[in-house]
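S.K.: One structure coming up, written as structure tokens, with questions to follow.
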Amino acid sequence: MPLSLIPIRKQHMLFHMKTTMIIDDGVMARLRQEAAKQGRPMSELVESALRRFLQRPRTTAELPDLPSFDGGGAIVDVSDRDALYQAMEAR
């Protein structure tokens with residue numbers, strides 16, 4: 001292609017990347033419907049949704065404390081092999 005036919009935008013260079021994604025059939029059907037309803041390309045809707053998702057503030061939910069239980073204490077000292085065997089034979 002001759003250089004004179006290549007559009008050049010010095011102020012705002014645009015870069016686009018094509019990619020392949022696996023999208024659930026139901027989600028794809030809704031995307032097609034919404035694109036038709038808005039008169040916009042599906043790729044524009046996907047890009048818009050991804051931008052909003054990536055720009056949202058990241059919140060970290062505080063996790064609840066893990067439960068703890070009183071196990072009633074040790075039955076046997078696990079470092080004492082003989083005591084361990086006696087405890088296992090008693091059961």
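The values are calculated or read from the model by the stated rules, or taken from the named source; none is laboratory data. Here the structure is a predicted model, which is why all the values come from computation and not from measurement. For neighbour counting, all protein chains shown are included, and Cβ atoms are generated from backbone atoms with ideal geometry for every residue, glycine included.
S.K.: Take region 32-90 and flag every residue that is surrounded by 10 or more Cβ atoms within 10 Å (Cβ to Cβ) and assigned to a loop (DSSP other than H, G, I, E, B).
M.R.: ARG40, PRO41, ILE75, VAL76, ASP77, VAL78, ASP80, listed by residue number.
S.K.: Filter region 32-63 down to the residues that are of a type outside the set (Asp, Glu) and modelled with pLDDT under 90, then identify the one that is farthest from HIS16 (Cα to Cα).
M.R.: Looking at residues that are of a type outside the set (Asp, Glu) and modelled with pLDDT under 90, I get LEU63.
S.K.: Still on this structure, I have one more. Could you check region 13-31 and list, in sequence order, the residues that are assigned to a loop (DSSP other than H, G, I, E, B) and surrounded by 10 or more Cβ atoms within 10 Å (Cβ to Cβ)?
M.R.: ILE23
S.K.: What are the residue pairs meeting all of these: first residue in region 27-44, first residue among the β-branched types (Val, Ile, Thr), second residue modelled with pLDDT of 95 or more and surrounded by 12 or more Cβ atoms within 10 Å (Cβ to Cβ), Cβ atoms under 7 Å, and 6 or more apart or on different chains?
M.R.: Hits for this filter: zero, empty list.
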